[in-house]
Amino acid sequence: NELKAFKYAGADSFFIIRGNAENVSNHESETGLFHTDFPDGRVILNLWDEESLSKEFVAEFENGYKITVEKPLFLIEYPYYRDVNRKFGLEKTPLVEEIVRQNKKNEIFLKEGLITFRNNINFNLKEVLEEMGILETYRYEQKNGRFIINNPLAYENIKRWF
């Protein structure tokens, strides 16, 4: 409802993908919209602290949303996320349930937004990566027997199931 009112008033609207899930809310105002509902130039990957994000967004606003910052702010500035499955995690599939189970108490997931996955009987890493649309090996790393996947789009979708 708020988005409709802002659009009616002529305001710009943006979707912010937050870098952590510590304060996840499943309130309708938090789960009613998805980054897939916005064009890439209106999706912000919040990889900043709050003060820096505000400062850089104001700079972008004042320059007509032209790319002016050293560290990219908008999803459109991250071309390597264009080939991923942006809808992975919106549906609660068995694979998503397994990822949630494995990350439920994982500090890396909660504080840094990194998805970890340990191969198991039901799913292997290749299936997980294919489902997410991650085909290049540089997009994940292995630590302590777990694979760490950096995909803020999948992270944003999955965290709603916590």
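The values are calculated or read from the model by the stated rules, or taken from the named source; none is laboratory data. From a predicted model like this one, the values you see are computed outputs, not experimental measurements. Cβ: placed from backbone, ideal geometry, glycine included. Neighbour counts: every protein chain shown. For accessibility, only protein heavy atoms count, side chains too; no ligands or nucleic acids. Shrake-Rupley method; radii C 1.70, N 1.55, O 1.52, S 1.80 Å.
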Subject >> Checklist (1) over 16 Å from Arg18 (Cβ atoms); (2) surrounded by 11 or more Cβ atoms within 10 Å (Cβ to Cβ); (3) touching an Asp or Glu at 6+ places or on another chain (Cβ under 7 Å) applied to Arg82, failing item >> reply: (3)
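Yes/no per residue for (1) at pLDDT below 85; (2) in a strand (DSSP E or B); (3) within 23 Å of Ile158 (Cβ to Cβ):
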residue	(1), (2), (3)
Gly10	no, no, no
Ile16	no, yes, yes
Asn20	yes, no, yes
Asn23	yes, no, yes
Ile44	no, yes, yes
Trp48	yes, no, yes
Ser52	yes, no, no
Ala59	yes, no, no
Lys71	yes, no, no
Original post:
Which ones in region 110-128 are over 16 Å from Gly145 (Cα atoms) and in a helix (DSSP H, G or I)?
Top reply: Leu110, Lys111, Glu112, Glu127
Original post:
Considering only region 103-148, how many residues are more than 20 Å from Pro79 (Cα to Cα), open to solvent by less than 20 Å² (accessible area, probe 1.4 Å) and not aliphatic (A, V, I, L, M)?
Top reply: 4
Subject >> Answer residue from region 151-162, given it is open to solvent by 20 Å² or more (accessible area, probe 1.4 Å) and modelled with pLDDT under 85 and is farthest from Asn85 (Cα to Cα) among those >> reply: Phe162
**OP:** Mind listing just one residue for me: the one in region 25-42 that is at pLDDT below 70 and part of a helix (DSSP H, G or I) and, of those, nearest to Leu90 (Cα to Cα)?
**Re:** Thr31
Original post:
Can you spot a residue in region 81-100 that is closer than 25 Å to Phe15 by Cβ, of a type in the set (A, V, I, L, M), part of a helix (DSSP H, G or I) and without any contact (Cβ under 8 Å) to a residue 40 or more places away in the chain?
Top reply: yes
